[in-house]
Amino acid sequence: MSRRPPRQHPPAGDDGQPGTALSHWRGRATDPDADRSRAEDDSPEAVARLRGRSRALLRDLLRPHRRPLGVAVALLLAQNAAAMAGPYLVMLGIDRAVPPLRAGDPGPLAAVAGAFAVAAVTEYVARRSYLTRSARIGQAVLLDLRQRVYGHLLTLSVGFHERYTSGRVVSRLTSDVDSIAELVDGGIDTLVAAALSVLSVAAILLWLDLPLAAVTLLAFPFLFWLSRWFARASARAYRHSREAVALVIVHFVESLRGIRAVQAFRREPRNQQIFVTVNDEYRRTSLHGFRLIATYSPGIKVIGNVTVALVLGYGGWRVLGGATEVGVLAAFLLYLRRFFEPMQELSQFYNSLQSATAALEKLAGVLDEQPGVPEPASPVPLPAGPGRGAVTFHAVSFGYLPQTPILTGLDLVVPAGQTVALIGPTGAGKSTVAKLLARFHDPDAGTVELDGVDLRDLSDAELRRAVVLVTQENHLFGGSVAENIRFGRPDATDAAVQAAARAIGAHDFIAALPDGYATEVHRRGGRLSAGQRQLVAFARAFLADPRVLILDEATSSLDVPTERLVQRALATVLRDRTALVIAHRLSTVETADRVLVIDCGRIVEDGPPAHLATTGGRYAALHRQWRDSLV
Amino acid sequence: MPAQRDGDPAIPRADGRVSPLRNLWRLRRYLRPYAAAYVLLLLAALAATGAGLAVPLVAQRVVDGPIARHDPAGLLRLGGLALLLGLVEAVLIFIRRWSQSSSSVGMEATIRADLYAHLQRLPAGFHDRWQSGQLLSRAISDLSVLRRFLSFGLLFLVLNVVTYVAVVVLLLRLHGPLGLLVAASAVPLFLISRRFGRHYHTASRRMQDQQGDVATLVEETAQGLRTMKAYGRGPELADRFARRARALHDTGVGKGALLARASALFDLVPNLTLGATLVGGATLVARGTLTIGELVAFVSLQLMLIWPVQSLGWIIANGQEAATAADRIHEVLDTPPSIVDAPDAVALTRPAVRGRLRFEGVSFRYPGSAEPVLREIELTVEPGETLALVGATGCGKSTLLSLVPRLYDVTGGRITLDGHDLRGVRLDALRRLVGVAFEEPTLFSMSVWENLTLGCPDATGDEVRAALALAQADFAYDLPWGLATRVGEQGLSLSGGQRQRLALARAVLGRPALLVLDDPLSALDVQTEALVEAALRRVLRDTTALLVVHRPSTVALADRVALLDGGRITAVGRHSELLATVPAYRAVLAAEPSPAPGLVRS
């Protein structure tokens, strides 16, 4: 069980967000980790751990590309060599080819020009091929990263997604990946070229004049100290700005998705106010990051320029004293500039790396999240054969929050093929029973079994083939109506899709849509009402043809005749299948084999509806009420 | 999968006829507040370049002057000058970067806030068509592309062009014919730039659209997570994602290849020009029309052109990305909100409203679809009356309701409130008068309080308590933090019935003159339904209300019932009348379930 011990709730008005002014409208989350993955924590050890993990992730992503990376670096070296050869050849041409030319011999000039052309073409080829390759490597890394994170998010439990929110998921896979793309786009180029020239120039400096080089070395403690300051400050800054942009995205996505409510309730000004606040917080945090690099980069420049001035003074003094040649000083000064200029580029690279690392930390945090409902290491197959689908709840206890249990020690045996209706007041735990059977969550104690197999031992694919849950939230994915029905069984033929729609009574309205079954549900003309969406969801479940069907308030938006049609269709479907039906309408309940009245997580009445109606219990009272309501 | 952009023909796409940079140029209004800062940073950048160039000159002086003359004081003086220049350069760079960061980040934030404000003004019809991932990628990714262009691309474009022109002018003065040769190299550079720019423009637009597609799928996945889990369709979604991410990858690789080709050419052209200068210059020197010193000076100066030309590749790439990002942003900003206040709109106030709602020959067609949903609706709801709307699934009941708060505008006829055409009433006044509960209760991941007071931010605790009591939603006080508890996104941590009751409480809060409730009790259990019904009956006594209902039990709330069939109102009257006289009504609302063989055992 991965359920954690309860943590202390954060103090009021601060839910761990930057800027406490933001938090009051958001309300207080019931889970203190609502806004982050579990791996993200404020303690220094956790920060260090996550940072290590994100670097490990980066290494892991690059590992398959070691060989292409090596080739790319070789090409880059070739390009740099060719680029340096160019000016040298020009000077060579002027020095050596002009006198013979004066003498009427164009041979040396032609030779130099030829060599120059070769260098230019080499540079062209090497540069082009290097850039193409590095783009390919970078894109492959991004593709890998996107797929890893998306794939992992699919395995995480409903519970995780409920607290993490869709906006944050979107933010991880868009904005965070974008900031890694920035590093990938131009990073390697700068790093290799700059490192190369710094190293080679350092060697030349040492070789030219040792005491002057020693003066240059004095710069290093300062460079180191400045870089360490920048590393710490920028890590913090970028971490904040990643979180701030996530809040912008969360608000943006949610408020536009609910735009009808926003407009109907004139929420626009307040939304704008909130948006401006989160947007400004994002502006502030990114500005902070940009200002750090705006300080760091000129800081490096100061160190470089001061060193140049020192070398100039000290070197001049040495020349005056006769310890060094003038030519050496001149060369030293020239190379010194070549030494510090790439430092600027390195500082840029370091900045991109810091920003990408902050994003990688967020992604590593998500990847580190353990699925709350893990796949079994060695799955057990369901016993084969027709007419299966026996469900057993054995001493099941469960609560969404540790301190508020919903179910305590629930025992329930549903024989294969039985249709069971669950009724009871709101919050009694009906939907929880449904979710446990669909394994959206695992019980805190006890077991849920299907045909004698603990759900935790079933592979996800097998479980989903056997158990299908239809709820009020009937999500239709982008795509055609047919594709949405086929979601129930991806290999179904068009005829099977239509048959399912017909069986459930959805065919007529689908056929009347602008493009029939091919109508895109999210496009113009494809607007479906809540009732129509429920019908599509039913057709989907019908097509999926599971052993156990769970219906949680699945017919609430249907009109009476359609509901009846659905019920009639279900009668056929459910005859040899196990079904768990949660419905508020007694017309649905009455058709069940057995009714369970649930209150406070316990079964308080259990029996066939006709029998319960006569016993004078809660069901009988409800039944009477319902009869009376039928005008 | 094709980029599902918008498909709205009303929006003109940037094509060959308009300048691809037009939309980028239009964003200059956001630059205006930072104009002074921009001039400053440009000057600082130029001065820093100058200071940077001066340091080696000073070094040269040191070698030629004090050292040659053995003058330690002069050495100290010039060394001090070098130090000063170096510090000045660093300070200037600091000034440039500092003001650059505040202006570019400030502009990004302003455009984003404007974009959001505009999106909030655009009607539901717009949001039906646009996928939120496409909107999001505009608000986040595209804007950061713009920010990068404003903070680096634009600056270096200016700096490099200035450097290029200055150096070429110097070269021309140094030696006319050779200078012309170098100046002529601008022609191939221009041709390469144009070609590269055009191709990159297309690729960058495709990439941004595909980023939107990826964002859309991600958001949709998070939204439909339960459905995905319920059917175990992770592998299919992963495939779908892989296809989109792969498309994005392919475009990225293609873009990389384009950039690689152009960058390499931008390297080759100055090199070849240098080669030509060498051959030409050497020949001239051989003929005696040029001295070696002049040639050396010419070549050294020409070497200064390499970096500005080389950097053209990424500057153009950056500029094109910014241009397509600006196009995409303007596609949204250029869509005029179709539902706005008329110039002479009146502000009706609550006390002045009696609440007579009339549909006069109302027709409605969703934009882009051929078939009208509603045809010639004639319907009157008298002040204080409750009218129930009944009809088969998908017959247009919810659409009819959404016309009242003007989430959509009628496409024919008109709707009047106390004789005022709704389009002549100020939107905020109208929406203040109308309380709405949708078929799907929309909740946001905010506190319960904030969710309840969407429409009345200044509601008092007592008003909220009364509304919650009416909707039988007192459970809200028992949540872990009471009304301050954050309800999960879409309120998923609450049961369907709880969400519906919160939505109902929200609709009745602030005592609207007109209640528009879409199937307000569908998700309630029988007991709660009876309690809510009783409370609702009290509110409905003196409020004009239009309800959509599916169940016979809820019809009892209404004074009269209207039957909607095939987009028309086919019958209006009392429930019992219609039940007795209209077979179609009986079919839709017959209370008795017809026996379904094999299921009914009672």
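In region B:119-130, the residue that is farthest from A:Phe252 (Cα to Cα) out of those that are more than 7 Å from chain A (Cβ to nearest Cβ) and in contact with a Ser or Thr (Cβ under 8 Å, 6 or more places away or on another chain) is B:Gly125. Return the residues of region A:144-170 that are closer than 14 Å to B:Pro235 by Cα, in contact (Cβ under 8 Å) with a residue 12 or more places away in the chain and within 8 Å of chain B (Cβ to nearest Cβ); say none if nothing qualifies. Within region A:144-170, A:Tyr150, A:Leu153, A:Thr155 meet the criteria. Of the helices (runs of 4 or more DSSP H) lying entirely inside region B:282-335, those containing at least 3 residues that are in the same structural domain as B:Val158 (by TED's automatic domain parsing) and of a type in the set (Gly, Ala, Ser) are B:292-303, B:312-333. Inside region B:443-477, residues that are farther than 25 Å from A:Pro269 by Cβ and facing chain A (nearest Cβ under 9 Å) make up a count of 1.
Here the condition is being more than 30 Å from B:Pro72 (Cβ to Cβ), more than 9 Å from chain B (Cβ to nearest Cβ) and not acidic (Asp, Glu); of A:Val262, A:Val245, A:Val278, A:Val250, it holds for A:Val278 alone.
A:Arg568: surrounded by fewer than 23 Cβ atoms within 10 Å (Cβ to Cβ) and more than 8 Å from chain B (Cβ to nearest Cβ), yes or no? Spelling it out, it is not the case that A:Arg568 is surrounded by fewer than 23 Cβ atoms within 10 Å (Cβ to Cβ) and more than 8 Å from chain B (Cβ to nearest Cβ).
For region B:133-150, indicate whether the set of residues that are within 10 Å of chain A (Cβ to nearest Cβ) and farther than 30 Å from B:Pro336 by Cα is non-empty. No, region B:133-150 has no match at all. The single condition among (1) surrounded by fewer than 21 Cβ atoms within 10 Å (Cβ to Cβ); (2) facing chain B (nearest Cβ under 10 Å); (3) under 16 Å from A:Leu463 (Cβ atoms) that A:His441 does not meet is (2). Of the residues that make up region A:587-610, is at least one among the hydrophobic types (A, V, I, L, M, F, W, C), in contact with a helix residue (DSSP H, G or I) (Cβ under 7 Å, 6 or more places away or on another chain) and either facing chain B (nearest Cβ under 7 Å) or under 18 Å from A:Ile504 (Cβ atoms) (or both)? Within region A:587-610, not a single residue is among the hydrophobic types (A, V, I, L, M, F, W, C), in contact with a helix residue (DSSP H, G or I) (Cβ under 7 Å, 6 or more places away or on another chain) and either facing chain B (nearest Cβ under 7 Å) or under 18 Å from A:Ile504 (Cβ atoms) (or both). A search for C-beta distances below 6 Å between a residue of region B:560-589 that is in the same structural domain as B:Pro372 (by TED's automatic domain parsing) and within 20 Å of A:Phe509 (Cα to Cα) and any residue that is surrounded by fewer than 16 Cβ atoms within 10 Å (Cβ to Cβ) and of a type in the set (S, T, N, Q), counting only pairs 6+ apart in sequence or on different chains, returns B:Leu563/B:Thr570.
Quick one: which helices (runs of 4 or more DSSP H) lie wholly within region A:200-285 and hold at least 1 residues that are among the β-branched types (Val, Ile, Thr) and over 30 Å from A:Phe332 (Cα atoms)? Helices (runs of 4 or more DSSP H) meeting the threshold: A:219-257, A:259-264. Residues that are more than 44 Å from the chain's Cα centre (by Cα) and of a type in the set (A, V, I, L, M) number at least 3 in the following helices (runs of 4 or more DSSP H) confined to region A:72-165: A:107-155.
Residue selection: B:Gly496 satisfies the criterion of being free of Cβ contacts under 8 Å to residues at least 60 places away in the same chain and within 9 Å of chain A (Cβ to nearest Cβ).
The rows are residues; the columns are (1) basic (Lys, Arg); (2) within 13 Å of B:Gly419 (Cβ to Cβ); (3) away from chain A (no Cβ under 14 Å).
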{"site": "B:Asp341", "(1), (2), (3)": "no, no, no"}
{"site": "B:Asp344", "(1), (2), (3)": "no, no, yes"}
{"site": "B:Phe359", "(1), (2), (3)": "no, no, yes"}
{"site": "B:Arg375", "(1), (2), (3)": "yes, no, yes"}
{"site": "B:Thr380", "(1), (2), (3)": "no, yes, yes"}
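Here is a yes/no grid of residues against (1) under 30 Å from B:Thr335 (Cβ atoms); (2) surrounded by 16 or more Cβ atoms within 10 Å (Cβ to Cβ); (3) aliphatic (A, V, I, L, M):
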{"position": "B:Thr49", "(1), (2), (3)": "no, yes, no"}
{"position": "B:Val62", "(1), (2), (3)": "no, yes, yes"}
{"position": "B:Arg69", "(1), (2), (3)": "no, no, no"}
{"position": "B:Ala73", "(1), (2), (3)": "no, no, yes"}
{"position": "B:Gly86", "(1), (2), (3)": "no, yes, no"}
{"position": "B:Gln100", "(1), (2), (3)": "no, yes, no"}
{"position": "B:Val105", "(1), (2), (3)": "yes, yes, yes"}
{"position": "B:Ala124", "(1), (2), (3)": "yes, yes, yes"}
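Evaluating A:His65 against the criteria (1) closer than 26 Å to A:Gly138 by Cα; (2) in a loop (DSSP other than H, G, I, E, B) leaves one unmet condition, (2). Out of all the residues in region A:317-330, is one or more part of a helix (DSSP H, G or I), within 8 Å of chain B (Cβ to nearest Cβ) and among the charged types (D, E, K, R)? Checked against the condition, which is being part of a helix (DSSP H, G or I), within 8 Å of chain B (Cβ to nearest Cβ) and among the charged types (D, E, K, R), region A:317-330 yields no hits at all.
Checking each residue of region B:85-96 against the condition of being more than 44 Å from the chain's Cα centre (by Cα) and modelled with pLDDT under 90 gives at least one match. Among the residues of region B:213-244, those identified as at the interface with chain A (Cβ under 9 Å from one of its Cβ atoms) and within 20 Å of the chain's Cα centre (by Cα) are B:Val214, B:Ala215, B:Thr216, B:Leu217, B:Val218, B:Glu219, B:Glu220, B:Thr221, B:Ala222, B:Gln223. Taking each residue of region A:377-397 that is closer than 11 Å to A:Glu449 by Cβ and looking for partners that are crowded, with 18+ Cβ neighbours inside 10 Å and polar (S, T, N, Q) with beta-carbon atoms closer than 8 Å, six or more apart or interchain, yields A:Ala390/A:Thr578; A:Val391/A:Thr578. Does A:Pro561 satisfy the condition of being more than 8 Å from chain B (Cβ to nearest Cβ) and within 27 Å of A:Ile510 (Cα to Cα)? Considered against the rule, which asks whether it is more than 8 Å from chain B (Cβ to nearest Cβ) and within 27 Å of A:Ile510 (Cα to Cα), A:Pro561 comes out as no. When the residues of region A:464-505 are narrowed to those that are in a loop (DSSP other than H, G, I, E, B) and among the β-branched types (Val, Ile, Thr), which ends up farthest from the other protein chains (Cβ to nearest Cβ)? Filtering region A:464-505 for residues that are in a loop (DSSP other than H, G, I, E, B) and among the β-branched types (Val, Ile, Thr), the one farthest from the other protein chains (Cβ to nearest Cβ) comes out as A:Thr493. Can you tell me which residues in region A:426-457 are in a loop (DSSP other than H, G, I, E, B), over 18 Å from A:Ala579 (Cα atoms) and in contact with a strand residue (DSSP E or B) (Cβ under 7 Å, 6 or more places away or on another chain)? Once the filter is applied, which keeps residues that are in a loop (DSSP other than H, G, I, E, B), over 18 Å from A:Ala579 (Cα atoms) and in contact with a strand residue (DSSP E or B) (Cβ under 7 Å, 6 or more places away or on another chain), region A:426-457 yields A:Ala428, A:His441, A:Pro443, A:Asp444. Taking the listed residues B:Val487, B:Val588, B:Val539, the one that is facing another protein chain (nearest Cβ under 7 Å), at pLDDT below 85 and over 29 Å from A:Thr578 (Cα atoms) is B:Val588, with no other qualifying.
When region A:172-182 is examined, which residues are found to be more than 7 Å from every other protein chain (Cβ to nearest Cβ) and either farther than 19 Å from B:Leu237 by Cβ or not in a helix (DSSP H, G or I) (or both)?
A:Asp176, A:Ser179, A:Ile180, A:Ala181, A:Glu182
Per-residue answers, yes or no, for (1) of a type in the set (Val, Ile, Thr); (2) touching a helix residue (DSSP H, G or I) at 6+ places or on another chain (Cβ under 6 Å); (3) away from chain A (no Cβ under 14 Å):
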site: B:Asn160; (1), (2), (3): no, yes, yes
site: B:Gly176; (1), (2), (3): no, no, yes
site: B:Phe190; (1), (2), (3): no, no, yes
site: B:Gly197; (1), (2), (3): no, yes, yes
site: B:Gln210; (1), (2), (3): no, yes, no
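When region B:347-398 is limited to residues that are of a type in the set (S, T, N, Q) and surrounded by fewer than 19 Cβ atoms within 10 Å (Cβ to Cβ), the one that is modelled with the lowest pLDDT turns out to be B:Ser369.
The values are calculated or read from the model by the stated rules, or taken from the named source; none is laboratory data. It should be emphasised that the depicted structure is a prediction, and the values quoted were computed from it without experimental measurement. Every residue, glycine as well, gets a Cβ built from its backbone with ideal geometry; the counts of neighbours run over all protein chains shown.
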